[in-house]
Amino acid sequence: MVNIIHRVGTKASISEVYKVLSSVQGIGKWWTQNTSGTSEIGKTIAVRFHSQEGNEIGSMQMLVKALVPNKKVHWHFTAGPEEWLGTDVVFNLHEEEGLTIILFEHKNWSEAIEFTAHCSMKWAIFLLSLKELMETGRGRPSPHDIKIDNWN
């Protein structure tokens, strides 16, 4: 199995970061504006991605597996790109030297392929969007994210 792992710190409080990661409304402020569903354990969240012109370019659904206040958010992907099916995203949070540290993992990819590299880079972009949201009040969710290649 292959995992994508990123680590980013923010000056925001751990409770503020957890609130943004664990709510449908919060996800819409840093990952993609088109977010729906219910962020409760056992419920599903759906996300859709669009081009600047408004065309849908991707969508996913994830089952909320864990919500541990100020510590962990865990999603399991049940719909979306074939490579994402059965994978898990986990955000682990802790405080260190005045920062909230977000240790991000997108786990259980079946193999490292070109799409894995694309997704790793996009996750980095969206984690920087999260950092920006937490520190300035404004993130860069899709469709306003940084475009890195012809797949987005």
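The values are calculated or read from the model by the stated rules, or taken from the named source; none is laboratory data. Please read these numbers as outputs of a predicted model, since none were measured by experiment. Heads up, the Cβs are rebuilt from the backbone with ideal geometry, glycines too, and the neighbour counts pull from every protein chain shown. Please note that ligands, DNA and RNA were not included when accessible areas were found on the heavy atoms of the full protein model with its side chains. Shrake-Rupley method; radii C 1.70, N 1.55, O 1.52, S 1.80 Å.
Within the option set G58, G26, G9, G54, being open to solvent by less than 30 Å² (accessible area, probe 1.4 Å), out of contact with any strand residue (DSSP E or B) (no Cβ under 8 Å at 6 or more places or on another chain) and within 24 Å of I146 (Cβ to Cβ) holds for one residue only, G26. Candidates are the residues of the range 139-151 that are of a type outside the set (A, V, I, L, M) and open to solvent by 40 Å² or more (accessible area, probe 1.4 Å); the one that is modelled with the highest pLDDT is R140. Counting only residues that are under 18 Å from A66 (Cα atoms) and either touching a Cys at 6+ places or on another chain (Cβ under 9 Å) or of a type in the set (A, V, I, L, M, F, W, C) (or both), the range 86-100 holds 4 of them. Going through the range 107-133 one residue at a time, which ones are in contact with a helix residue (DSSP H, G or I) (Cβ under 6 Å, 6 or more places away or on another chain) and open to solvent by less than 40 Å² (accessible area, probe 1.4 Å)? Once the filter is applied, which keeps residues that are in contact with a helix residue (DSSP H, G or I) (Cβ under 6 Å, 6 or more places away or on another chain) and open to solvent by less than 40 Å² (accessible area, probe 1.4 Å), the range 107-133 yields only W109. For V89, the conditions (1) free of Cβ contacts under 8 Å to residues at least 40 places away in the same chain; (2) within 25 Å of T10 (Cα to Cα); (3) in contact with a Phe, Trp or Tyr (Cβ under 6 Å, 6 or more places away or on another chain); (4) outside any strand (DSSP E or B) are fulfilled apart from (4). Here the condition is being open to solvent by 60 Å² or more (accessible area, probe 1.4 Å), under 17 Å from G26 (Cβ atoms) and among the hydroxyl-bearing types (S, T, Y); of T136, T100, it holds for T136 alone. Of all residues in the range 65-86, those that are part of a loop (DSSP other than H, G, I, E, B), surrounded by 15 or more Cβ atoms within 10 Å (Cβ to Cβ) and in contact with a Gly (Cβ under 9 Å, 6 or more places away or on another chain) total 1.
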